[in-house]
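Below is one structure, written out as structure tokens, with a few remarks after it.
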Amino acid sequence: VADLRFPPGFMWGSSTSSYQIEGAAAEDGRTPSIWDTFSHTPGRTEGGDTGDVACDHYHRFRDDVALMSQLGLGGYRFSVSWSRVQPTGRGPAEQRGLDFYRSLTDELLEAGITPVLTLYHWDLPQELEDAGGWPERDTALRFADYARLVADALGDRIKLWTTLNEPWCSAFLGYGSGVHAPGRTDPADALRAAHHLNLAHGLATQSLRDVLPASAEVMISLNPAAVRPRSDSAEDRDAARRIDALATRVFTGPMLHGRYDEDLLADTARITDWSFVQDGDLAAAHQPLDGICVNYYTPSVVSAVEPDEDGPAPERRDGHGASEHSPWPGADRVVAFHQPPGEQTAMGWSIDSGGLTELLHRFHREAPGVPLYITENGAAYADEPDSEGRVHDPDRIAYVHEHLAAVHRAVEEGVDVRGYFLWSLMDNFEWAYGYGKRFGIVHVDFATQVRTPKSSAHWYADVARTGRLPAL
Ligand code: FCB
């Protein structure tokens, strides 16, 4: 098999997020976010792990950028902690917080690494949650102000911006199943949150356009689902349609087309009448975008079940954590999720790169002419150093290899994909799973903060340097 060559200029990067790596939770004016509160609530995270220290990246960012530079990475996607730069979620900026992101950005630029900034990767200032959080419309307005504040401070040095990371998780895991912060479990609130995240994306995009130079690129990172019906029956295909609406079209509808699809409104009519959607909201959410960013890990396999209000809820092997509450409003008793056959990562997520090719084609069709990026893809494995201190992770190399081949296929078939950001640069706080799930290409010893590039890091560095995927 010949090496696969990627287009010249294809961006090879890695991804992280603020709460998962920064630590320094109470330094330089930062106030708690919903993830501080949630992780400090007993029973919410594996082993009671918190992001108080995490990878201590706030103090070690220079070393971390040096590491990326040694690996020859061309891009780095990070997120800004809202409560670090605007502590109560409203009002004036905290200069020390902005200075941190300025220094980080300057360090990246000096190393020749393109910064890609995400405004929101799930760490809502706790004060905004206390005022109602994402189910409350005002949170979207606050987000637009915050976007302006960050753009004012960093717009002279950052060209690539994304508004939200995976709003599906913020809405449906945060307010539906409750496995993510703030841990609330009301299906109507989850749908309200989804709408206000759509609105927040649109309003923030307008703020960024006001402030940033015309050359800036504004994008969104979504985690669309690659949904497969378990059989070809009409019922199973209808189950897949429902999940596609709740997982993907609830965001792509407003953001890319300025509408909520009729089937989504009908499927959820018993939960909400959607009267929180005000005149002009859909137009506001529907902003021209310079790129669409896809995060992809695993597909979903679903089947229909006969609704039985008194019986036990159907099986839910959807990979989104154990909770008696479903993150699928209106589908919780009529759709079952199944574990696809075949190999799995340490998350229990099955490996199927076909879903990635499929999703890239989908966005290519739905948003013609808009460039695509993969802003997250990667795998958790139980990596530990051997007796010589080396970390061998052939399974991760195989996973990334397979997914890069899937990206290459889409490119060959005419899809405009501009870059790939591996999740993650280093092992970090994996939300409710704590530090036990390691996604990094760099191993982190959390007791000593020693970083050790795994064999996947050396392998990926080679791919990045040559722009070629060698046969395995
Ligand atoms: C995504 C998140 C990211 C990380 C990976 C494994 O859903 O955006 O922060 O947790 O999953």
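The values are calculated or read from the model by the stated rules, or taken from the named source; none is laboratory data. Note that the structure is a prediction, hence the values are computed from the model and not measured. Note that each Cβ is placed from the backbone with ideal geometry, even for glycine, and that neighbours are counted across all protein chains shown. What goes into the accessible areas is simple: the full protein's heavy atoms, side chains included, and nothing from ligands, DNA or RNA. Shrake-Rupley method; radii C 1.70, N 1.55, O 1.52, S 1.80 Å.
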Exercise for the section: For region 143-183, name all the residues that are aliphatic (A, V, I, L, M), within 16 Å of the ligand (Cβ to nearest atom) and closer than 18 Å to Ser81 by Cβ. Expected result: Leu164, Ala181
Problem - Filtered residue count, region 378-430, keeping only those that are out of contact with any Leu (no Cβ under 8 Å at 6 or more places or on another chain), outside any strand (DSSP E or B), within 15 Å of the ligand (Cβ to nearest atom) and within 15 Å of Tyr296 (Cβ to Cβ) - result: 4
Completion exercise
Of Tyr433, Tyr460, the only residue that is within 11 Å of the ligand (Cβ to nearest atom), assigned to a helix (DSSP H, G or I) and touching a residue at least 40 places away in the same chain (Cβ under 8 Å) is Tyr433
Exercise for the section: Would you mind listing the strands (runs of 3 or more DSSP E) fully within region 261-343 where at least 1 residues are closer than 27 Å to Thr163 by Cβ? Expected result: 291-295, 300-304
Practice task
State which residue pairs qualify: first residue at positive phi and inside region 73-102, second residue open to solvent by less than 10 Å² (accessible area, probe 1.4 Å) and among the hydrophobic types (A, V, I, L, M, F, W, C) in any location, beta carbons under 6 Å apart, and separation of 6 or more residues or different chains.
Solution key: Gly89/Leu128
Completion exercise
Taking first residues from region 363-378 that are within 22 Å of Thr118 (Cα to Cα) and second residues anywhere that are open to solvent by 10 Å² or more (accessible area, probe 1.4 Å) and assigned to a helix (DSSP H, G or I), the pairs with Cβ under 8 Å that are 6 or more apart or on different chains are Ala367/Leu256; Leu372/His364
Fill in the blank from the handout: Taking region 334-352 and keeping only residues that are open to solvent by less than 30 Å² (accessible area, probe 1.4 Å), away from the ligand (no atom under 16 Å from the Cβ) and within 28 Å of Asn428 (Cβ to Cβ), one is left with Phe337, Pro340
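Yes/no per residue for (1) open to solvent by 20 Å² or more (accessible area, probe 1.4 Å); (2) more than 16 Å from the ligand (Cβ to nearest atom):
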position	(1), (2)
Val85	no, yes
Ala93	yes, yes
Leu98	no, yes
Asp123	no, no
Ala140	no, yes
Problem - Complete set of residues in region 27-47 that are in contact (Cβ under 8 Å) with a residue 24 or more places away in the chain and more than 22 Å from the chain's Cα centre (by Cα) - result: Glu27, Asp28, Gly29, Arg30, Thr31, Thr41, Gly47
